[in-house]
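In what follows, a single structure is set out as structure tokens and then discussed.
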Amino acid sequence: MDLLFDTLTQDLLPSEAAVIKNDPSAVTYLETLRHLSAGDAGDEFDKEAQYLETSYNNNVKTLATLAEGGHRQFLSAAKNLSGFEQEYKSFSASSSKAAELKIDAEIPAQGNQRDTPALLLRNIDKVSEILELPTLTRACVTNGLYSEALDIVGHAKLLSSRYPNIKIIQKLLQEVLSVQSLLVNELLAQLTKTVKLPQIIKTISYLKRLPPFSDLASATESTRALHQVFFASRIAYIKSQLADIPHKDASDKYLKRYIEIVREHAFATITNFRLTFTDSGNESAGEFLRCIVLQLSQQLDEHLPNLNETQTANIWLQLAYCSQSMGRVGGEFGQVLVGLVKDENAEKEWSAAVEKQKEISISIA
């Protein structure tokens, strides 16, 4: 607690006292007073009072002189003060509007040649993303990300329609479309490999969105074309499996394995087709089965003459089971096959095989 400071500032506001307390000059003056004797302090106070009174009188005279000489200016300033406030508010509003207009004006101005480098620098990330679209599409196709590749193709087409007059955008679209052709080839290749039903469904859905299937006149034509592509691809797959059969010099073993492959993959092909295409496609399925049976009859014509009686009977029995299995998907082919095979005993062998099959079924039951 500082008694001297409190005594001198007791008539002041707390905020005023705080200013004095933090003033270095005031602190120095108080320290000087503390080191004075009582008599010297009284003299000092008298001098300060006289100095303050003199300063006060001088300030009054100065203000009076200013008021006498500049009263007209003061009156004019006071009169125009309210008008100045209104003008300032109007100027502030106009400035804000001008700033907005400047921002809008920058958009067409950005097309000026002198602004092109700065504009390019500001948008370098977006420009880089656009320029990388063909490379990114190819990377997606190569890595099996077909859905992502289709999204990029769609994005490139959108950019092309939005900016038809920008040559580089049109060139990028052509590059993306060239990669799109690679995507179509990759999807078609998927159907010629060992593939499960979920992947078949995805592949067909992708192909529907791509040319040439998406460019056909109607959905019916597109679906019919996809039917043909599906069966042609699966026939190519079945042929690749048949081509890998060993024992081609042993007709008995070769025919047994051949029939096993036909039974497994032809059945799976028809089943997957009906689960993938919910619409009717019996005509395409019938063409597929006729192709499979025709090739099977050609193999029988080639290898049956090399078999003995027992081996021939076993082959026909295996064919009876294969035909029965295909009958579960509407593809029973026994009588058609008999009509195609050149062996004059084919009808007799087939009937005996069917009877044998019935006997086995009864004995098992």
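The values are calculated or read from the model by the stated rules, or taken from the named source; none is laboratory data. On a predicted model such as this, the values are computed, not experimentally measured, just so you know. Backbone-built Cβ (ideal geometry, glycine too); neighbour counts: all protein chains shown.
Miscellaneous remarks
- One residue from Thr312, Thr269 being in a helix (DSSP H, G or I), of a type in the set (Val, Ile, Thr) and closer than 22 Å to Leu191 by Cβ: Thr269
Per-residue answers, yes or no, for (1) within 28 Å of Leu197 (Cβ to Cβ); (2) in contact with an Asp or Glu (Cβ under 6 Å, 6 or more places away or on another chain); (3) modelled with pLDDT under 90:
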position	(1), (2), (3)
Phe273	yes, no, no
Ser280	yes, no, yes
Leu289	yes, no, no
Asp301	no, no, no
Leu317	no, no, no
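- Matching residues in the stretch 7-18 - criterion: being surrounded by 11 or more Cβ atoms within 10 Å (Cβ to Cβ), in a helix (DSSP H, G or I) and at pLDDT 75 or above: Glu16, Ala17, Ala18
- Qualifying residue in the stretch 178-195 (condition: surrounded by 15 or more Cβ atoms within 10 Å (Cβ to Cβ), modelled with pLDDT under 90 and not hydroxyl-bearing (Ser, Thr, Tyr)): yes
- Consider the stretch 222-242 and keep the residues that are farther than 16 Å from Ile292 by Cβ and among the polar types (S, T, N, Q). The one that is surrounded by the most Cβ atoms within 10 Å (Cβ to Cβ) is Thr223.
- For the stretch 323-365, a residue qualifies if it is farther than 22 Å from Leu289 by Cα and in contact (Cβ under 8 Å) with a residue 40 or more places away in the chain, and the qualifying residues are Lys356, Gln357.
- Test: Leu275 is assigned to a helix (DSSP H, G or I), assigned by TED's automatic domain parsing to the domain that holds Ala225 and more than 39 Å from the chain's Cα centre (by Cα): no
- Restricted to helices (runs of 4 or more DSSP H) entirely inside the stretch 19-136, those with at least 1 residues that are at pLDDT 65 or above and more than 30 Å from Leu150 (Cα to Cα) are 24-34, 38-109, 116-122.
- Subset of the stretch 337-353 that is surrounded by 15 or more Cβ atoms within 10 Å (Cβ to Cβ) and not charged (D, E, K, R) - its residue that is farthest from the chain's Cα centre (by Cα): Ala352
Table: residues versus (1) modelled with pLDDT under 90; (2) part of a helix (DSSP H, G or I); (3) assigned by TED's automatic domain parsing to the domain that holds Val262; (4) under 21 Å from His265 (Cβ atoms).
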position	(1), (2), (3), (4)
Val293	no, yes, yes, yes
Gln298	no, yes, yes, yes
Pro305	no, yes, yes, no
Gly330	yes, no, yes, yes
Val338	yes, yes, yes, no
Glu344	yes, no, yes, no
Glu355	no, yes, yes, no
Glu359	yes, yes, yes, no
